[in-house]
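Asker: Here it is: the structure, laid out below.
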Ligand code: UN1
């Protein structure tokens, strides 16, 4: 397997520091942890500071100190810095993408998409600096003005996962920063190099010292310190529902603003009139793209019995052709899982699945040749799964697809909604009435018609119902809500006391 020469090699790893108050510094203990290439664990991507509670405290202080000046800067000016950052990311897109494939594992085309998603949200939010709309409305009283404005909340704690190591930090940091908050950013310990490259570009773009602080390290040392700090009033977090609930409890004690983006068990419904080749394309892409490690990944196919057999044949035939390997090597379709623990977890679910459904293809770690050095798992399909089976209910976050046959459209909607999650859902059909019913009745934050469950664009709200989140949305204008307080302002220019609700009574 070819080990890339940039941005660092196994012999010359990139050593990452913390970024606090505009300076790259060692942590107080100087202890480090390694980031490994998931396609070849012999390749050390870099060594990164194991930040502590003390380091995190310093980062929070720096963000607090930077807040008054940053919130006072006109939002369009903040947007201009963000625009420069977007341009820098675009210029460095290939370098960032290759670094991402090496550190996180997704194939290079998908890594480019991840970086592009970061660029897209940066441009979108740069423009938001000149919008950030409030309401200006008539007052119920004469000679009185009424309007509402948005204001920043303070220091934002941004805790991000590894599966979109550029896009998700940007989804969170761009709206936080353009609205005038300052940031303490704790990336996943599986992707500290991507985070470091991102923050380097932010510094180069001109975000002032202290507006963005990076602390790498564990969830216990860094993440919990951010969540518990009385000086971090707003938190945005993406990971599992179990961790999200724990964070919600802790943040709830201080009534913090908290935006959670959590688990999914996204389903594709295939009706008997569907274009089965198109459905096969959509299902394979959303089930095995990113090796199933997207919050939006499809892990359930709910198919009308009448077409279950031909659909399954197509899925099996195509899944067989998927090539596993290092995402920088040409022709590779599916990269590795993020780490050995993920391989174990997927393996455990396959064990559960063998007892619940019929294994059609896959079902084991892929260890032939060079793959043995990485965290590879064969794309896996189970058929004959029942809606309430564990593999049909629990988030696996790997390349495992359950095919659930149902009698008709109504049974499909019931099965689709029979989950504690509600991120994305899709339907393949040529029947416009069925499509509209699905759009109305699917319990999900994102619904696709004749497309898979992945591929959300950055200018629409992103997020899910039920245990997928807590009602907040990322991306689009909706993201602004998570990072701003409303302030309603009344200006009375009548020159005398006017009492709302009292002086406006009918004569
Ligand atoms: C995620 O998996 O957490 O819609 C984000 C998609 C991507 C974003 C996924 N645009 O699949």
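Asker: How would segment 169-293 be classified by its alpha-carbon gyration tensor: rounded, prolate or oblate, with rounded meaning a/c under 1.5 and the a/b versus b/c comparison settling the rest?
Answerer: Taking the square roots of the gyration eigenvalues as a ≥ b ≥ c, segment 169-293 is prolate.
Asker: Show me the ranking of peptides 50-61, 421-432 by mean Cβ neighbours inside 10 Å, starting with the highest.
Answerer: Those peptides, ordered most packed to least, come out 421-432, 50-61.
Asker: Give me the percent of DSSP beta bridges within the chain that run antiparallel, rounded to the nearest 5.
Answerer: 40
Asker: At 20 °C and 1.002 mPa s, what whole-number value in µm²/s does Stokes-Einstein give for the translational diffusion of segment 414-468, with Rh from the Kirkwood sum over Cα pairs?
Answerer: The Stokes-Einstein estimate is 185 µm²/s.
Asker: What number, in percent, do you get for the relative contact order of the chain if the mean sequence gap of Cα pairs under 8 Å and at least 6 apart is divided by its residue count?
Answerer: 18
Asker: Compute the helix-to-body angle for 340-356: its Cα long axis versus the longest principal axis of the chain, expressed 0 to 90° and rounded to tens.
Answerer: Helix 340-356 sits at roughly 60 degrees to that axis.
Asker: Once you treat every alpha carbon in segment 266-449 as an equal point and sum by Debye, what is log10 I(q)/I(0) at q = 0.09, 0.11 Å⁻¹?
Answerer: Calculated log10 I(q)/I(0) at the listed q: -0.29, -0.43.
Asker: Kindly put 262, 359, 271 in sequence by how many other C-beta atoms sit within 10 Å of each C-beta, fewest to most.
Answerer: Ordered from fewest to most neighbouring Cβ atoms within 10 Å, 262, 359, 271 come out as 359, 271, 262.
Asker: Among 82, 439, which comes first, then next, by fewest other beta-carbon atoms within 10 Å?
Answerer: Final ranking by Cβ density, sparse to dense: 439, 82.
Asker: Take residue 486 and residue 430, extend 7 Å from each Cα along the Cα→Cβ direction, and tell me the distance between the two endpoints in nm.
Answerer: Modelled inter-label distance: 4.7 nm.
Asker: Does segment 60-219 come out rounded, prolate or oblate by the C-alpha gyration tensor, with a ≥ b ≥ c the root eigenvalues, rounded set by a/c under 1.5 and, if not, prolate when a/b is larger than b/c and oblate if not?
Answerer: prolate
Asker: Label-point separation (nm) for residue 502 and residue 410, each offset 7 Å from Cα along Cα-to-Cβ?
Answerer: Result for the modelled spin labels: 5.8 nm.
Asker: Let me ask another. For helix 305-320, report the angle its Cα long axis makes with the longest principal axis of the Cα atoms of the chain; keep it between 0 and 90° and round to the nearest 10°.
Answerer: Taking Cα atoms only, the helix is inclined about 90 degrees.
Asker: Using 1/(1 + (r/R0)^6) with R0 = 30 angstrom and r between the beta carbons of residue 90 and residue 477, what's the FRET efficiency to the nearest 0.05?
Answerer: After rounding to 0.05, the efficiency reads 0.85.
Asker: Follow-up question, since we're still on this one. Can you tell me the length gained on complete extension of the stretch residue 440 to residue 254, counting 0.36 nm per residue apart and subtracting the Cα distance?
Answerer: Once the chain is fully extended between residue 440 and residue 254, it gains 63.3 nm.
Asker: Oh, and also: How long are the three semi-axes of the equivalent ellipsoid of segment 169-209, in whole Å, if each is the root of 5 times an eigenvalue of the C-alpha gyration tensor, listed from largest down?
Answerer: With the √(5λ) rule applied to segment 169-209, the semi-axes are 18, 13, 8 Å.
Asker: Apply the a/c threshold of 1.5 to the C-alpha gyration tensor of segment 48-113 and tell me whether it is rounded, prolate or oblate.
Answerer: oblate
Asker: Right, something else. What are the extents of the Cα atoms of segment 430-500 along their three principal axes, in Å, largest first?
Answerer: Result for segment 430-500: principal-axis Cα extents of 65, 27, 23 Å.
Asker: Give the Rg (one decimal place) followed by the Dmax (whole number) of the chain, computed from C-alpha coordinates and expressed in Å.
Answerer: Rg, Dmax (Cα atoms, Å): 24.2, 88.
Asker: Rounded to the nearest 10 degrees, what's the angle between the helix 167-178 long axis and the longest principal axis of the chain, both from Cα atoms, 0 to 90?
Answerer: So the helix axis and the longest Cα principal axis differ by about 10 degrees.
Asker: Quick one: order 488, 139 by neighbouring beta-carbon count within 10 Å, fewest to most.
Answerer: 488, 139
Asker: Sticking with this structure for a sec: Summing -39500 (n - 2.57) over the DSSP H runs of n ≥ 4 in the chain and dividing by its residue number, what mean residue ellipticity at 222 nm do you reach, to the nearest 500 deg cm²/dmol?
Answerer: -11500 deg cm²/dmol
Laboratory data are not the source of any read-out in this text; all were calculated from the coordinates shown. Computed from a predicted model, the values in this text were never measured in an experiment. We place every Cβ from the backbone using ideal geometry, glycine too, and count neighbours over all the protein chains shown.
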